[in-house]
Amino acid sequence: MIFSRSNMLFTALAGLVAGALLVSCTSTPKTRTADPNFIGDFDPIQLETVITRTIMFGKEKPVELELYFIPRTNIVEMYYRDFANKICLMMTPEQRRLLRLAAADFSLKAEAGVLENRKPTSKNAYSETKASVAWGVTGVARVSEKAKLQLNYEYLSDGRPYFTVKLVPGPDKNDSTVYSPSSTLYMSPTQVQTLCEVIDQDVLQAMVDDLNARATEY
């Protein structure tokens, strides 16, 4: 009889403890941290194509920049072909902000004719940031997360300055013996202004706002 009452007492105490734990768990729900880079739950949005140029074997060659905005990560992917490689530069919001600031300074001084004719280097660049770059011959199969994005300007053979977007090689994230290609894009003041307008954060946000409105319209 004593053994039976002890069991009953133990069972009652166990029930009270379990109930208290259940109440504690249900009364303090876990909060999920919002991703600051999440703009909207939509697939990539293709943006306007921007025409610029590169230099191949000493000659200028037009380049088409295919641009895609990724709302889930707030990344703009810039695809283009340079020599044998197809390249994709994944631009963060901060890199786009730096591009806009550098382009504004470049365009203002180019129009005023006060840009010094000097060789572009990492020391006189507007900015240099670590960048994620994908590349490959037929597709973007390899990825480097340690390439560098340099923004600068350079005078070309026509005697005029051009804004430069340069990719400095970085190691493949899965094979440190393989490096991403070196690549430089040259943009006139008009071309870089067009690029900045296309990838402007307010413009991208407006696109997502429109998709959200259409998704919830009744």
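All of the numbers you see were taken from the coordinates with simple rules; none came from a lab. All of these numbers come straight from a predicted model, not from anything done at the bench. FYI the Cβ positions are ideal-geometry reconstructions off the backbone, even for glycines, and counts take in every protein chain you see.
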Inset, instruction - Please give the residues of region 83-115, grouped as numeric ranges, whose backbone N is less than 18 Å from a label point set 7 Å along the Cα-to-Cβ vector of Lys173. - result: 87-95
Inset, instruction - Convert each backbone phi in region 152-167 into a coupling constant with the Karplus relation 6.51 cos²θ - 1.76 cosθ + 1.60 (shift: θ = phi - 60°), then list the ³J(HN,Hα) values in order as whole Hz, x for Gly and Pro. - result: 7, 9, 8, 7, 9, 5, 7, x, 10, x, 10, 5, 10, 10, 10, 9
Inset, instruction - Could you pull out every residue, at least 5 positions away or on a different chain, whose amide H is within less than 5 Å of the one on Tyr155? Hs are placed 1.01 Å off N in the peptide plane, and Pro or chain starts have none. - result: Arg118, Tyr162
Legend entry - Dimensionless Rg over Rh [region 41-154; C-alpha; Kirkwood]: 0.98
Legend entry - Built amide H within the under 5 Å cut-off of Ala131, gap 5+: Ala147, Lys148, Leu149
Legend entry - Extension reserve of the Arg160-Ser127 stretch, reckoned as 0.36 nm per residue once the Cα distance is removed: 9.8 nm
Legend entry - Paramagnetic reach from Glu64 in region 80-100 [backbone N under 20 Å; point 7 Å along Cα→Cβ]: 80-90
Legend entry - Label-point separation in nm, Asp202 to Asn37, each point 7 Å along Cα→Cβ: 2.5 nm
